[in-house]
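First, the structure itself, so that you have it in front of you.
The values are calculated or read from the model by the stated rules, or taken from the named source; none is laboratory data. Worth saying up front: this structure is predicted, and the values here are computed from it rather than measured. Heads up, the Cβs are rebuilt from the backbone with ideal geometry, glycines too, and the neighbour counts pull from every protein chain shown. Calculation scope for accessible area: heavy atoms of the full protein, side chains included, ligands and nucleic acids excluded. Shrake-Rupley method; radii C 1.70, N 1.55, O 1.52, S 1.80 Å.
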There are 2 protein chains.
Amino acid sequence: MLFVLSSPSGAGKSTIARKLLASEPELSLSVSATTRAIREGEEDGRDYHFVTLDKFREMVEAREFLEWAHVFDQRYGTPRAPVEAMLAAGKDVLFDIDWQGAQQLHQIAGGDVVRVFILPPSMEELRRRLEGRATDAQEIIDRRMSRADAEISHWDGYDYVLVNDDVDSCYAKVKTILAAERLKRSRQTGLIGFIRKLRTREA
Amino acid sequence: MLFVLSSPSGAGKSTIARKLLASEPELSLSVSATTRAIREGEEDGRDYHFVTLDKFREMVEAREFLEWAHVFDQRYGTPRAPVEAMLAAGKDVLFDIDWQGAQQLHQIAGGDVVRVFILPPSMEELRRRLEGRATDAQEIIDRRMSRADAEISHWDGYDYVLVNDDVDSCYAKVKTILAAERLKRSRQTGLIGFIRKLRTREA
């Protein structure tokens, strides 16, 4: 399963993704590549693969991305090889990507993709959270707010939509969605064998 | 949402349906009509609406069923009016019906239907459970076992498939599915209004 979490920056997606990865051993994170500068507290290879524009272009040409997009003059992409390796190892893969990434992934992988969108409880609260970070200039915050609105406008491209008015409750809902999706007939790889055995045991 | 629980007789569906209805105030049961005789412990109007063959035929002609089918020379059907009333009252509706009913309901209501199939852990266990009931003659039990196999052969017409090797764990899974399905974008009726308000509050 390709499990996509999207939200405007500041809506709490990263916290939820971190909690999810810590509690779900069968879920691995796809780390995106980006040309944007590394920020304080971030780690190369954990938060993003930070690459130069030249390197990013090389990767695009070599078809090394599952999906990629322009955001704010920067580029973001999902390296293909790690995702394929995780799926081959029987893991579900978590994607912390925006609506463009979610859309492209769905075009490639269809029903294997589960798309969850996390909304802030209000735009005022979103602005408070972005200002609380204090890492960004006002101009950047304004740009993020306008970007948030654009991101929210794509809410109807998602399978599930959650409002993050309480991070624990929102996290519990994401866990519920993941658990239910794993119970889908189409995702239970052992089921055909089980049913064959069930039906031949006592005819 | 039309929430269908199907399983071979004896796989634990009725226990799970009862627990679900007791714990979910927003879920109401669709009580089927049947021409079969009432059994000990059953109550008319609670377990089934027990009707004569003539009455059943009248209801079919009057298009009073959402779906109906022949099973073992008996007829079973879902009366339309109560379901429409429950949906109009904003309830989700639980259906305890077989694969034929699930299929017909899906043809009528498409994506509004969530179909869950409950499998027994083994056919030996299923036979034990049917014999444990002690209400039925051996011939009836044999017929139920063969019917169970036929029912299981339609497992691939369901959205979710569960194995009931432990009733509490199986019940928890059904609850998880119901909770996740309620988080689907397409089922959240208040969402469009919420997002409109969100986006106009601070442009």
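Considering every residue within segment B:98-120, establish whether at least one is under 24 Å from B:E42 (Cβ atoms), charged (D, E, K, R), open to solvent by 50 Å² or more (accessible area, probe 1.4 Å) and modelled with pLDDT of 90 or more.
So far as segment B:98-120 goes, no, none of its residues is under 24 Å from B:E42 (Cβ atoms), charged (D, E, K, R), open to solvent by 50 Å² or more (accessible area, probe 1.4 Å) and modelled with pLDDT of 90 or more.
Select, from B:T78, B:T35, the only residue that is more than 12 Å from the chain's Cα centre (by Cα) and of a type in the set (S, T, Y). Let's see the steps before the verdict.
Numbers: B:T78 fails: more than 12 Å from the chain's Cα centre (by Cα).
After applying the criteria, what remains is B:T35.
Yes or no: B:F72 at pLDDT below 90 and more than 29 Å from B:G190 (Cα to Cα)?
yes
Okay, moving on. Of the residues that make up segment A:24-33, is at least one surrounded by fewer than 11 Cβ atoms within 10 Å (Cβ to Cβ) and farther than 25 Å from A:S146 by Cβ?
Checked segment A:24-33: at least one residue is surrounded by fewer than 11 Cβ atoms within 10 Å (Cβ to Cβ) and farther than 25 Å from A:S146 by Cβ.
Kindly list the number of the only condition in (1) assigned to a helix (DSSP H, G or I); (2) hydrophobic (A, V, I, L, M, F, W, C); (3) within 14 Å of chain A (Cβ to nearest Cβ) that fails for B:V116.
Every condition holds for B:V116 apart from (1).
Let me ask something else. Taking segment A:145-155, which residues are more than 7 Å from chain B (Cβ to nearest Cβ) and touching a residue at least 24 places away in the same chain (Cβ under 8 Å)?
Passing the criteria: A:R147, A:A148, A:E151, A:H154.
Would you be able to tell me the number of residues in segment A:124-144 that are free of Cβ contacts under 8 Å to residues at least 40 places away in the same chain, part of a helix (DSSP H, G or I) and among the hydrophobic types (A, V, I, L, M, F, W, C)?
Looking only at that region, the number is 2.
Okay, moving on. Out of the residues in segment A:156-170 that are open to solvent by 40 Å² or more (accessible area, probe 1.4 Å) and part of a helix (DSSP H, G or I), state the one that is nearest to the other protein chains (Cβ to nearest Cβ).
Result: A:D156.
Oh, and also: Pairs, please: C-beta under 6 Å, at least 6 apart or cross-chain, first residue without any contact (Cβ under 8 Å) to a residue 40 or more places away in the chain and in segment A:161-182, second part of a helix (DSSP H, G or I)?
Within 6 Å, the pairs are A:T176/B:T176; A:T176/B:A179; A:T176/B:A180; A:A179/B:T176; A:A180/B:T176; A:A180/B:I177; A:A180/B:A180.
Can you tell which of A:R196, A:R128 is within 30 Å of B:D149 (Cα to Cα), modelled with pLDDT under 95 and exposed (fewer than 15 other Cβ atoms within 10 Å of the Cβ)? Even if it seems obvious, please write down each step before you answer.
Details: A:R128 fails: within 30 Å of B:D149 (Cα to Cα).
Step by step, each of A:R196, A:R128 is checked, and only A:R196 is within 30 Å of B:D149 (Cα to Cα), modelled with pLDDT under 95 and exposed (fewer than 15 other Cβ atoms within 10 Å of the Cβ).
With respect to A:Q107, is the statement that it is within 16 Å of A:L5 (Cβ to Cβ) and not in a loop (DSSP other than H, G, I, E, B) true?
Details: within 16 Å of A:L5 (Cβ to Cβ): no; not in a loop (DSSP other than H, G, I, E, B): yes.
Spelling it out, it is not the case that A:Q107 is within 16 Å of A:L5 (Cβ to Cβ) and not in a loop (DSSP other than H, G, I, E, B).
Further question: Could you list, in sequence order, the residues of segment A:171-203 that are of a type in the set (S, T, N, Q) and either more than 7 Å from chain B (Cβ to nearest Cβ) or assigned to a helix (DSSP H, G or I) (or both)?
Result: A:T176, A:S186, A:T189, A:T200.
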